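Engineer: To start, I am sharing the structure in question, which I have written as structure tokens.
The values are calculated or read from the model by the stated rules, or taken from the named source; none is laboratory data. Values in this document were obtained by computation on a predicted structure and should not be read as measured data. Reconstructed Cβ throughout: ideal geometry from the backbone, glycine too, with neighbour counts over all protein chains shown.
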Amino acid sequence: MDYKITAENGAESGENVSLSEAVFARDFNEDLIHQVVTAYMAAGRSGTKAQKNRAAVRGGGAKPWNQKGSGRARAGTIRSPIWKGGGVTFAATPRNYEQKVNKKMHKAAMQSIFSELARQDRLVIVESLSQETPKTKELASKLKVMGLDNVMIVTAEFNENLYLSARNLVKVNASTVDALSPVGLVGHDKIVVTTDAVKKIEELLQ
């Protein structure tokens, strides 16, 4: 399938790039995309919170008083959750939130996302978008001319100047093809991809 290439002034350049239908013309699978995005976000959770239950709190090994005869309620340990200094009743423990997503599912989800971006004209393909110097103002003016605001810029290789220019813009992110995530793709209004990055995306997802 042919897709238009956008010039740096935001207008159509008059040139087209040929896109693989297996990657950019796949049916939209909302359930699969939701599952992969949820798994990706869950894997980012640390899950390191922890509290001490009655077994982990120090002390409490001796029975505080006799079972009978004292007139007080029965007590087996001073580290009971109802005692001051006792353990937590339902103590939080470290846990892993990761969900299994195999390579085939991830690839299919990314294909579905790119296909939907192309159908909705949210995919913007440019010849190149490099920065000779790390100037945020320069990149912001380029994107403004192209009519782009909430955008992710995808390049084939890491461009340090582009990354440094984009990191101070609130709604702008820069990423290489290798570091692309489904969360980043669905979380921006427009995805700007260079022609070199398109070829690399097709190589990875076909």
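Conditions tested, residue by residue: (1) closer than 18 Å to ASP2 by Cα; (2) among the aliphatic types (A, V, I, L, M); (3) in contact with a strand residue (DSSP E or B) (Cβ under 7 Å, 6 or more places away or on another chain); (4) not assigned by TED's automatic domain parsing to the domain that holds LEU19.
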position	(1), (2), (3), (4)
GLU127	yes, no, yes, no
LEU148	no, yes, yes, no
GLU160	no, no, no, no
VAL170	no, yes, no, no
PRO182	no, no, no, no
LYS199	yes, no, no, no
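Engineer: Within segment 1-26, track down each residue that is closer than 24 Å to ALA179 by Cα and assigned to a loop (DSSP other than H, G, I, E, B).
Structural biologist: Listed by number, the residues that qualify are LEU19, SER20, ALA25, ARG26.
Engineer: Somewhere in segment 90-112, is a residue of a type in the set (D, E, K, R), surrounded by 13 or more Cβ atoms within 10 Å (Cβ to Cβ), closer than 30 Å to LEU143 by Cβ and at pLDDT 95 or above?
Structural biologist: Yes, that holds for at least one residue.
Engineer: Search segment 23-38 for residues that are in the same structural domain as VAL183 (by TED's automatic domain parsing) and pair each with any residue that is among the aliphatic types (A, V, I, L, M) and outside any helix (DSSP H, G or I) when their beta-carbon atoms are under 7 Å apart and the residues are at least 6 apart or on different chains.
Structural biologist: Sorted first by the residue in segment 23-38, then by its partner, the pairs are PHE24/MET1; ALA25/MET1; VAL36/VAL101.
Engineer: I'd like the full set of residues that are over 47 Å from the mean Cα position of the chain (by Cα) and surrounded by 13 or more Cβ atoms within 10 Å (Cβ to Cβ), limited to segment 52-72.
Structural biologist: PRO64, TRP65
Engineer: Answer with yes or no whether LEU117 is among the hydrophobic types (A, V, I, L, M, F, W, C), touching a Ser or Thr at 6+ places or on another chain (Cβ under 8 Å), assigned by TED's automatic domain parsing to the domain that holds GLU21 and surrounded by 12 or more Cβ atoms within 10 Å (Cβ to Cβ).
Structural biologist: The answer is no for LEU117.
Engineer: Here is a further query. Please indicate, with yes or no, whether at least one residue in segment 73-82 is of a type in the set (Ser, Thr, Tyr) and either out of contact with any Gly (no Cβ under 6 Å at 6 or more places or on another chain) or exposed (fewer than 13 other Cβ atoms within 10 Å of the Cβ) (or both).
Structural biologist: There is no residue in segment 73-82 that is of a type in the set (Ser, Thr, Tyr) and either out of contact with any Gly (no Cβ under 6 Å at 6 or more places or on another chain) or exposed (fewer than 13 other Cβ atoms within 10 Å of the Cβ) (or both).
Engineer: Next up: Looking at (1) of a type in the set (A, V, I, L, M, F, W, C); (2) within 30 Å of PRO182 (Cβ to Cβ); (3) in contact with a Pro (Cβ under 7 Å, 6 or more places away or on another chain), which is the one condition that is false for LEU32?
Structural biologist: In the conditions (1) of a type in the set (A, V, I, L, M, F, W, C); (2) within 30 Å of PRO182 (Cβ to Cβ); (3) in contact with a Pro (Cβ under 7 Å, 6 or more places away or on another chain), LEU32 misses (3) alone.
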